[in-house]
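The values are calculated or read from the model by the stated rules, or taken from the named source; none is laboratory data. These figures come from a predicted structure and were not determined experimentally. A quick note on method: Cβ atoms are made from the backbone with ideal geometry, for glycine too, and the neighbour counts reach across all protein chains shown.
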Amino acid sequence: MSREFRSEAEKTKFFVSSFAAVDKHLPKKASAELLSFMIWRMVTGYGMSDAWPDMITIVNLALADDDDDEDVDCTCDKCKTKMIEDAMDDADSFLDNVLNSKRGK
Ligand SMILES: [Zn+2]
């Protein structure tokens, strides 16, 4: 990760505010095709093409989490923050596993 955080709380705060900034600018509706190209634009725009395989796994984990949550439709700030925290936890453990397996080679 290109940005270092002093604490989990700081990281969560940054993620939540980043999500809010993105939410503010996203179109109200999108097709799967539009969304795909938006993701492509973001991945290449941030120069993250190499990280794409890892990103797919993180997105899959977050999507699987959504399916598990009964209150996934609630969009209040508290639930959104919780959702982001859960997704970050999954991403962290996934990335830990990736880094550990790469170190092992
Ligand atoms: Zn809620």
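Among ALA87, ALA32, ALA9, ALA21, which is the only one that is on the phi < 0 side of the Ramachandran plot, in contact with a helix residue (DSSP H, G or I) (Cβ under 9 Å, 6 or more places away or on another chain) and aliphatic (A, V, I, L, M)? Walk me through it before giving the result.
Numbers: ALA32 fails: in contact with a helix residue (DSSP H, G or I) (Cβ under 9 Å, 6 or more places away or on another chain); ALA9 fails: in contact with a helix residue (DSSP H, G or I) (Cβ under 9 Å, 6 or more places away or on another chain); ALA21 fails: in contact with a helix residue (DSSP H, G or I) (Cβ under 9 Å, 6 or more places away or on another chain).
Within the list ALA87, ALA32, ALA9, ALA21, the selection yields ALA87.
Conditions first: (1) among the hydroxyl-bearing types (Ser, Thr, Tyr); (2) modelled with pLDDT under 90; (3) surrounded by fewer than 10 Cβ atoms within 10 Å (Cβ to Cβ). SER31 passes all but one, so which condition is the exception?
Checking SER31 against (1) among the hydroxyl-bearing types (Ser, Thr, Tyr); (2) modelled with pLDDT under 90; (3) surrounded by fewer than 10 Cβ atoms within 10 Å (Cβ to Cβ), the one that fails is (2).
Only one of these is of a type in the set (S, T, N, Q), touching a residue at least 60 places away in the same chain (Cβ under 8 Å) and either closer than 23 Å to GLU8 by Cα or in contact with a Phe, Trp or Tyr (Cβ under 6 Å, 6 or more places away or on another chain) (or both): THR75, THR81. Name it.
Matching residue, one of THR75, THR81: THR81.
Among the helices (runs of 4 or more DSSP H) confined wholly to the stretch 4-105, which include 1 or more residues that are within 16 Å of the ligand (Cβ to nearest atom)? Even if it seems obvious, please write down each step before you answer.
Values: elements: 8-25, 32-45, 52-68, 77-104.
Fully inside the stretch 4-105 and qualifying: 8-25, 52-68, 77-104.
May I ask you to list the residues in the stretch 34-70 that are closer than 17 Å to MET88 by Cβ, surrounded by 10 or more Cβ atoms within 10 Å (Cβ to Cβ) and of a type in the set (D, E, K, R)?
Correct list: ASP54, ASP65, ASP66, ASP69.
Within the group LYS80, LYS11, LYS24, which residue is charged (D, E, K, R), modelled with pLDDT of 85 or more, within 17 Å of the chain's Cα centre (by Cα) and surrounded by 10 or more Cβ atoms within 10 Å (Cβ to Cβ)?
Unique residue meeting the criteria: LYS11.
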